[in-house]
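Asker: Please find one structure pasted underneath; my questions will follow.
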């Protein structure tokens with residue numbers, strides 16, 4: 001059968017690559033190597049439904065082992081890949097075992113950025129990314145009363161909403177001037193801050209964490225740079241992630257805050273691709289190189305690589321989209337809206353249903369929607385059809401996404 005294709009990383013990107021190879025008709029050997037002792041599982045529910053007990057571990061599984069067996073996917077779980085032998089075209093596991101490849105796909109994802117302050121090194125600060133993290137946090141949450149969340153990004157806010165719903169006292173500490181500052185507009189951030197405050201959550205912005213306080217029983221509080229001490233028996237940090245690019249770097253591949261790939265997701269070695277949270281790729285929506293952390297990006301890049309390896313090469317051009325469920329509010333984003341200089345609100349935040357259209361220098365970047373899934377789907381269609389829409393285009397049709405999505409000639413403009 002030959003050495004076939006080896007995929008390092010048993011998450012969403014790695015699994016989708018394996019499945020898509022079979023969907024594309026690839027008949028060679030497919031080996032999927034995962035570091036965790038579990039079949040591939042969904043990560044988004046970990047910060048929400050799993051903590052609330054609405055879904056168990058089995059409900060998180062993306063595919064059971066029987067499905068992988070049926071597709072003839074050789075799944076190696078609980079295995080650490082410690083080296084890539086590029087000359088010998090093989091990956092080396094911690095125990096010394098080798099898996100030869102004709103082509104290698106690196107889908108190693110990312111890991112939590114650790115809090116580096118006094119007292120944090122004791123291991124009592126909780127993080128949330130893996131099923132092991134979620135299990136441990138679920139137990140701590142059951143006994144907690146006062147919780148401090150460090151970081152007002154998606155993970156921190158999703159967890160804060162769950163903790164507030166369970167009746168805990170929650171205080172979110174954010175180094176920036178507002179919540180989700182790097183990802184959403186001021187208008188959207190203001191809405192979500194109001195919702196969280198309505199659920200009883202307090203916020204401290206422009207706040208530095210100086211130390212984690214303890215006694216002989218565990219965490220007692222978080223001391224801020226201004227001297228304030230926030231009472232806490234549970235501290236959860238969600239301060240971003242670090243791409244798992246060390247394996248690639250040690251193999252001599254080009255890296256820069258992730259593994260550098262071209263428009264076809266190929267690394268500096270033509271026999272190796274990289275996808276998902278660990279890969280930095282040229283993106284027409286950002287106008288440059290970007291590393292995206294989303295299920296959409298992981299799955300669509302996996303499909304792109306699988307198609308190329310099966311003989312249908314094409315550049316990666318999928319529309320980026322993201323979501324975050326916080327309490328009763330679903331945020332959905334289409335496009336890359338960071339860096340916009342104009343935001344146009346459509347709908348009423350007071351009603352909990354609205355969309356914000358974002359532009360830069362008059363050019364359409366994308367839409368942030370709250371509890372308006374139809375707007376998100378239409379915005380994705382509009383972005384897929386054209387990259388050159390302007391504020392004037394939207395004003396001319398009264399910001400009607402249906403009109404823009406069905407406008408003649410858009411598809412041709414996208415290809416041009």
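Asker: What is the distance in Å between the Cα centroid of region 268-293 and that of region 158-232?
Answerer: Value for the Cα centre distance between the two parts: 32 Å.
Asker: On full extension of the chain, what length is gained from residue 289 through residue 384, given 0.36 nm per residue of separation minus the C-alpha to C-alpha distance? Numbers along the way, then the final one.
Answerer: Values: separation 95, 0.36 × 95 = 34.20 nm, distance 1.89 nm.
Between residue 289 and residue 384, full extension yields 32.3 nm more.
Asker: I'd like the FRET efficiency for residue 342 and residue 116, computed as 1/(1 + (r/R0)^6) with the beta carbon distance as r and R0 of 51 Å, rounded to 0.05. Please report the intermediate quantities before stating the final value.
Answerer: On the way: r = 37 Å, r/R0 = 0.73.
Efficiency at R0 = 51 Å is approximately 0.85.
Asker: Given R₀ = 25 Å, FRET efficiency for residue 27-residue 77 by Cβ-Cβ distance, to 0.05? Don't skip to the end; give the middle numbers.
Answerer: Details: r = 24 Å, r/R0 = 0.95.
It comes to 0.60.
Asker: Hey, with R₀ at 30 Å, roughly what FRET efficiency would residue 175 and residue 351 work out to, going by the Cβ-Cβ distance, to 0.05? Intermediate values should be presented prior to the final figure.
Answerer: Values: r = 32 Å, r/R0 = 1.06.
E between residue 175 and residue 351, to the nearest 0.05, is 0.40.
Asker: Another question about this same structure. Could you tell me what percent of the DSSP beta bridges with both partners in region 114-239 are antiparallel, to the nearest 5?
Answerer: Values: 9 of 24 bridges.
Roughly 40 percent of the DSSP beta bridges within region 114-239 come out antiparallel.
Asker: Quickly work out the residue 374-to-residue 214 label distance, labels modelled 7 Å from Cα along the C-beta direction, and quote it in nm with one decimal.
Answerer: 5.4 nm
Asker: Looking at the chain, what % of its DSSP beta bridges pair antiparallel, to the nearest 5? Could you put the intermediate results ahead of the total?
Answerer: On the way: 51 of 83 bridges.
Around 60 percent of the beta bridges assigned by DSSP in the chain are antiparallel ones.
Asker: While we're looking at this one, here's another question. Would you compute, from DSSP H runs of 4+ residues alone, the mean residue ellipticity of the chain at 222 nm, taking -39500 (n - 2.57) per run and dividing by the full residue count, rounded to the nearest 500?
Answerer: About -7500 deg cm²/dmol.
Asker: Still on this model: Hey, for a label at residue 397 modelled as a point 7 Å past Cα toward Cβ, could you say which residues of region 337-378 have their backbone N under 12 Å away?
Answerer: Counting backbone N atoms under 12 Å from the label point, the list is 378.
Asker: If I model a spin label as a point 7 Å beyond the Cα along the Cα-Cβ vector, how far apart are those points for residue 58 and residue 182 in nm?
Answerer: Going from the residue 58 label point to the residue 182 one covers 3.8 nm.
Asker: Related question: Using 0.36 nm per residue of separation minus the Cα-Cα distance, give me the extension gain between residue 37 and residue 94 in nm, one decimal. Mind dumping the intermediate values first?
Answerer: On the way: separation 57, 0.36 × 57 = 20.52 nm, distance 1.46 nm.
Computed gain between residue 37 and residue 94 is 19.1 nm.
Asker: Right, next: Multiply the residue separation of residue 231 and residue 254 by 0.36 nm, subtract the distance between their alpha-carbon atoms, and state the gained length in nm to one decimal. Each step should come with its number before you reach the end.
Answerer: Working: separation 23, 0.36 × 23 = 8.28 nm, distance 4.48 nm.
Result for the pair: 3.8 nm of gain on full extension.
Asker: Still on this structure: Alpha carbon centre of region 303-331 versus region 93-130: separation in Å?
Answerer: 23 Å
Rule-based calculations on the coordinates, nothing more; no lab input. Model, not experiment: these values are computed from the prediction. Cβ: placed from backbone, ideal geometry, glycine included. Neighbour counts: every protein chain shown.
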